[in-house]
Each structure stands twice: as C-alpha cells, then as structure tokens.
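Below is one structure, written out as structure tokens; comments come after it.
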Amino acid sequence: MITHHPHSNTLVEFSSGTLPVAHSVCVSTHLDHCSECRSKLAKLDDLGGAMLENGTAESVSSSVFDAVMLRLDEVSPEPAANDATAASLSSMVKKIRSGATADLNWRRVTKSLRIASLGDVPGASEVSVYHISEGGKIPQHNHSGTEMTLVLSGGFSDETGIYHAGDFLVREAGDIHAPTALPGGDCICLAVLESPLKFTRWHYRWLNPLLQLRAG
Amino acid sequence: MVDKQGEGARGQPANFAWSVPQGRRTDEWSLCVVRIAEYRDRAAFGKFFAHFAPLIKAFALSGSSLSAAHADELVQEVMLKVWQKAAGFNPEKAAASTWVYTIARNCRTDMFRRLQKFDTQLEAEDIGFELESDEPTMALHASRGAVRVRELLKDLPQDQAQILAKVYMEGKSHSETAAELGLPLGTVKSRVRLAIQKLQVFMDAGLQQ
C-alpha cells in the first residue's frame with residue numbers, strides 16, 4: 001500500500017512537462033505503482049487539455065497543412081519502434097521501471113550499500129540506484145540539495161517513517177537521516193540528487209569521494 | 001475554418017457529457033480520432049487539423065516560448081503523431097483535447113531540449129506516463145472531467161489563471177514562473193494548489209488536493 005506520494009505541485013509540473021527529466025523518471029515510476037496518483041495525473045492532463053482548448057487560436061498557414069498531408073504516408077500507423085542503438089538511458093529507465101536492476105553498473109560503498117550511477121541527466125547532479133541489503137543501514141548523511149527518492153523494491157525506515165515499494169519521498173537540503181532497510185528483503189531505491197550527499201559521521205567521511213559517481 | 005457541428009458540441013451546456021452512457025465519449029473530436037485510427041480517414045484528419053492546429057500553434061507561441069518557425073514545426077510534429085498514434089487513443093479513457101495536449105506537451109518538451117542542446121537520448125515519451133488501464137474511475141472521469149474543468153476555468157481568479165497559463169501554456173517550471181512574476185516560490189506553489197482546488201480537479205474520485 002502506497003502511503004507516500006508526490007506533492008500536487010510535483011504532479012502539476014509533471015503534467016505540464018516542466019519537471020526535469022530525472023525527477024520525471026521518479027514520478028513516472030511512482031505512477032506505475034499508484035492508481036491514486038494516476039487518476040490525479042489524468043485530471044491534471046484534462047486541465048492541460050482545457051487550457052489548450054481555451055487558447056486563442058493562431059492561424060496556421062495552409063503550407064503547414066499541405067506539408068503534413070504530404071508526410072502522412074511516411075509515418076507508420078504503429079507507434080515507432082525504438083532505435084536499438086540509441087537510448088541506453090531510456091532502456092535503463094525501462095529496466096528500472098520493470099524492476100530489473102541486476103546488471104546495472106554497481107559499486108560497493110559499504111558492506112550493505114551498493115550504488116549504480118545512471119549517468120548525466122539534465123537538471124540533476126546525480127541519478128542513481130541504491131541497493132541496501134536486508135537490514136542494512138546507510139550511514140547517516142545530510143543533503144546539500146533536494147533529494148527525490150522512489151522505493152523500487154523492499155523498504156526502508158528512517159527517523160521520519162517507513163517506506164515501501166512505490167513510495168515517493170523528498171528530502172530537503174539540510175535534512176540528516178540514516179535509512180535502514182526493512183527485514184524481509186533487500187531494498188532498492190531510485191534517487192535523484194540536486195547535489196551530492198555527504199556522510200556526516202567522521203568515520204564514514206572517507207566514503208564521500210566515492211559518492212562522486214558521475215559517469216564521465 | 002470552424003466546423004458547424006463542432007460549434008454545436010462546444011455550445012452544449014456544461015453538463016452535456018454527464019449524460020453520455022458508460023463514459024463512452026461521442027463528441028466530435030473523439031469520433032474524429034477513432035475514424036482516423038480505424039479508416040485512416042484523411043477527411044477526418046483534415047477536420048481535426050483545422051480545429052487543433054491553430055490551438056497547438058497558440059500553445060507553442062504562448063509566452064514567446066518558441067519562434068513562429070518552431071511553432072509551425074511543432075504543429076507538424078504533433079499532427080503527424082496524431083496520425084501515427086490514433087489507434088492508441090481510447091475515447092473511454094480521455095477526452096480528445098486531453099490526448100492532443102499530452103502529445104503536444106511531449107513534443108514541446110523534446111523540442112525545448114533539442115533547442116537547449118541538452119545531451120539526452122531520453123524522450124519525453126519514454127518517461128511520460130500513458131494512462132492505460134481499465135480502472136473504473138477512469139471511464140467515469142473521462143466523460144466529464146475535461147468538460148467541467150473547461151467551464152470552471154472561466155471563473156478562476158486572475159492571479160491563479162495567470163500562473164496556470166505560465167505553467168501549462170508557456171511550459172515554465174514553478175521556479176521560472178516565480179522568477180518571471182517576481183513572486184516567492186511558495187506563493188507560486190500555493191496559487192497552483194488553490195487553482196486546482198477551485199477547478200475541482202481532484203474532486204470526483206475523492207482525491208486529496
């Protein structure tokens with residue numbers, strides 16, 4: 001049961017196409033899990049449709065119409081197949097959304113924590129997948145920017161609550177926490193950071209450079 | 001060129017769609033898309049183009065977010081997608097205007113990224129969410145949500161309408177909107193929430209605002 005949802009402002013940004021790419025991946029992954037937010041999105045898209053229809057029509061030259069009519073035969077009526085060579089990130093997103101994360105490029109950070117970076121994405125400093133072993137703990141850290149997290153499988157708890165698959169949460173800059181994976185299975189999360197997180201306890205600080213994982 | 005029948009459908013009382021049985025939309029534009037999908041009907045496509053292309057152009061031009069040339073390019077891209085994706089349109093799920101809006105939004109997002117030379121191979125469609133389910137609330141909502149929102153939009157206070165226009169029509173993020181209007185980000189956020197409350201966007205399914 002999903003108990004932590006994106007804020008309505010976040011859904012509005014998603015529906016209006018103004019949310020950065022990486023954050024949109026988190027939101028759409030949440031939508032995979034959450035029928036309540038799917039209904040909300042459908043309604044917000046209706047609002048977009050209504051705004052579109054309420055616009056003041058701008059005349060379109062007949063040459064644009066002619067150009068489109070000439071090109072109708074070029075487009076296949078089926079949705080275009082994905083270019084197999086392109087879009088490693090896109091296929092990665094599909095993998096993540098389907099829960100297949102085994103062959104990501106994992107790096108071990110602590111005994112119970114592995115992180116796979118998904119590379120550079122506009123509008124975020126770091127997009128990565130976290131894997132916390134069952135019962136394992138992420139060392140206490142703070143956030144220098146906003147962090148958006150989506151639980152893909154398993155669950156974790158921290159000072160503020162318990163989060164399960166599909167739950168969506170946002171940590172603001174300055175929040176300090178130490179998440180622990182729930183018993184019963186490993187926890188896998190998708191995390192979008194505005195700026196890298198920092199471990200706060202001195203004996204973990206040596207890990208900080210390891211978190212600068214941006215793929216080159 | 002505005003079609004007479006189209007005028008009639010839009011001139012119906014606000015609750016016209018409420019009486020459509022089983023949520024099946026019978027409005028003209030939905031029928032158009034269904035005809036395009038089933039018969040590759042070019043006449044239906046032409047009619048759809050005449051109605052929506054000028055609206056898509058207005059969407060592209062609003063807030064001068066795109067040049068006139070790019071706006072025409074966007075119109076072409078969106079209309080070709082309409083032709084291509086018509087089979088995926090389900091009139092029980094969404095209003096035609098909502099469906100076209102989501103296509104236009106995705107095309108614009110990709111165009112913004114191309115123009116800003118963001119190096120991402122990820123397309124808005126890969127991330128976007130296609131609502132494809134037979135959840136009962138969907139059918140119910142599709143038949144009336146769009147129509148009612150359009151009615152309520154007319155009475156929205158100016159400051160809220162202005163912000164929705166920035167966000168939906170101009171494609172500005174909340175922070176860009178705040179910067180352009182010289183407002184604190186929190187004010188923009190709360191006006192957006194007030195607006196969707198006023199528009200009763202989340203009303204019928206008993207969803208929280």
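Readers should treat all values here as calculations from the given coordinates under stated rules, not as data from a laboratory. The model shown is predicted, which means the values in this text are computed figures rather than measured ones. We place every Cβ from the backbone using ideal geometry, glycine too, and count neighbours over all the protein chains shown.
So here's what we get for this one:
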item: Amide H contacts of A:Gly136 (H built 1.01 Å from N, under 5 Å, at least 5 apart or other chain); result: A:Ala181
item: Reciprocal of mean inverse Cα separation for the stretch B:155-209 (Kirkwood radius, Å); result: 11.5 Å
item: Whole-Hz couplings from phi, Karplus 6.51/-1.76/1.60, listed for the stretch B:148-158; x for Gly and Pro; result: 5, 4, 5, 5, 5, 4, 4, 9, 6, x, 3
item: Average other protein chain Cβ within 10 Å of Cβ, residues A:62-69; result: 5
item: Interchain or long-range residues, amide H under 5 Å from A:Asp167's placed H; result: A:Val151
item: For A:Gly55, distant residues with modelled amide H under 5 Å away; result: none
